[in-house]
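For reference, the structure discussed in these notes is given below.
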2 protein chains.
Amino acid sequence: MKIGILGTGVVSQTIAEKLVQLGHGVMIGTRDKQATLAKTGKDNFGRPTFSEWIKNNSKVQFEIYSEAASFGEFLVNATNGFGTMPALEAAGKRNLANKVMIDISNPLDFSKGMPPTLFISNTDSLGEQIQRTYPELKVVKALNTMNAYIMVNPALLPDDHNVFLNGNDVNAKNEVKMLLISFGWKEKNIIDMGDISTARGTEQILPIWVRLSGTLQTPIFNFKIVVGGK
Amino acid sequence: MKIGILGTGVVSQTIAEKLVQLGHGVMIGTRDKQATLAKTGKDNFGRPTFSEWIKNNSKVQFEIYSEAASFGEFLVNATNGFGTMPALEAAGKRNLANKVMIDISNPLDFSKGMPPTLFISNTDSLGEQIQRTYPELKVVKALNTMNAYIMVNPALLPDDHNVFLNGNDVNAKNEVKMLLISFGWKEKNIIDMGDISTARGTEQILPIWVRLSGTLQTPIFNFKIVVGGK
């Protein structure tokens, strides 16, 4: 499958590596290629710069947003929250229409320091905002509730744990489910929450995620829903 | 121990039953005793009316808020979110001072139908509001992230799962921890998140809780944090 990924950070890179491993064609999109390649300094995860990374991952194509969106039969939004709507605008409505997009973004606002707040929450969500703005795009919010390394390698954790799907289109959710299963997710651990408005819940789990990562002193954890006998 | 519980709903009743079972003296407080006793009709949980319940639980004393707060050496806030601040005002500042209070309330607003929204969230929490208003009260937010039956019987679920503590006072959190252990909680499953501002995270988990209870078609579930090897 040809997959376009919007965004160039750790989530984008981790997903891209996994997709290449699985044999997919992958193109990462950014706003300004030269600016992205010129970025210096390690990120918070101690990873190499993007320019080093892309050199070492030569099977991943790298273009501007509109190219990546046009290339992808299937899309992944791995931009940060504030970057999401501008990235989609740059991608172009025509390049988004009738495609399935996994939306991994979170409306986190770090501008006032730690802990972050949410710049959309409670009565709306970033997932809903995307779906409203691009009604022909099939948005499936998923994977936004965990660290990137767990997204593509659920066996990193010593027990079962869950990933949540939020989206209006049942077929789109099934496509995402199949992709997640190819990432190593067990079908029973994929919870379809319902329509895109359920993204309010998965996005509002971020504040406890952020505080837990401090308390546990690791980002390598996830939520498991333990259900009682019926 | 003499424990005062504010509120008369399913959470209050379930906690009261457990505390009596454990040998504590329990007084439930309400705004207006006659009004509470006059309530007819089952609640959403198919439980008896409060007047029937209190008749069958004769070891539980039943008085107005200020009496229950005065009686308790240790307090439990089991009012609903909108009822919390008025209940504490009625309880009286003097009756709250220097006491530990488990705050189980959630700022849920059902006034616009389902799903509920939060009437405080993101940049503040009900837990913080209580602590700010009553600085001499030692607020420990806990148990608000699960169904009442699980609060007092964690073994209801077939696997380990977690309860979160949010509060400024370390000794108060230890007292709450001891009480939770007496309820059947394993110490390793009690996560101290930090100061009361971490209540933003545990209160904002309610939107996903509500949607999950619909998806799973049961309220008998809880969150487990699965942590990777370090």
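Checking the stretch A:222-230 against the condition returns no match, with no residue being touching a residue at least 12 places away in the same chain (Cβ under 8 Å), surrounded by fewer than 19 Cβ atoms within 10 Å (Cβ to Cβ) and within 30 Å of B:P154 (Cα to Cα). Taking the criterion of being among the acidic types (D, E), in a loop (DSSP other than H, G, I, E, B) and either within 14 Å of another protein chain (Cβ to nearest Cβ) or more than 16 Å from B:I102 (Cβ to Cβ) (or both), the residues of the stretch B:153-191 that qualify are B:D159, B:D160. Picking from A:V227, A:V140, which residue would you name as being under 15 Å from the mean Cα position of the chain (by Cα) and either within 13 Å of another protein chain (Cβ to nearest Cβ) or closer than 16 Å to A:V100 by Cα (or both)? None of the others qualify; the one that does is A:V140. Given the criteria farther than 21 Å from B:K138 by Cβ, at pLDDT 95 or above and part of a strand (DSSP E or B), does B:Q13 qualify? No. Filtering A:D160, A:D169 for residues that are surrounded by fewer than 21 Cβ atoms within 10 Å (Cβ to Cβ), under 18 Å from A:V76 (Cα atoms) and in contact (Cβ under 8 Å) with a residue 60 or more places away in the chain leaves a single hit, A:D169. Can you confirm whether A:K33 is closer than 25 Å to A:E128 by Cβ and among the basic types (K, R)? No.
At least 2 residues being surrounded by fewer than 20 Cβ atoms within 10 Å (Cβ to Cβ) is the threshold, and among the strands (runs of 3 or more DSSP E) wholly inside the stretch B:56-118 those reaching it are B:60-64. Residues of the stretch B:15-44 that are crowded, with 16+ Cβ neighbours inside 10 Å and acidic (D, E): B:E17 alone. Scanning the stretch A:193-224 for residues that are touching a Ser or Thr at 6+ places or on another chain (Cβ under 8 Å) and more than 7 Å from chain B (Cβ to nearest Cβ) gives A:I196, A:S197, A:A199, A:E203, A:L206, A:W209, A:P219.
When restricted to residues that are within 18 Å of A:L179 (Cα to Cα) and either of a type in the set (G, A, S) or without any contact (Cβ under 8 Å) to a residue 24 or more places away in the chain (or both), the stretch A:23-40 contains 3.
The values are calculated or read from the model by the stated rules, or taken from the named source; none is laboratory data. Worth saying up front: this structure is predicted, and the values here are computed from it rather than measured. All Cβ positions, even for glycine, are placed from backbone atoms using ideal geometry, and neighbour counts span all protein chains on display.
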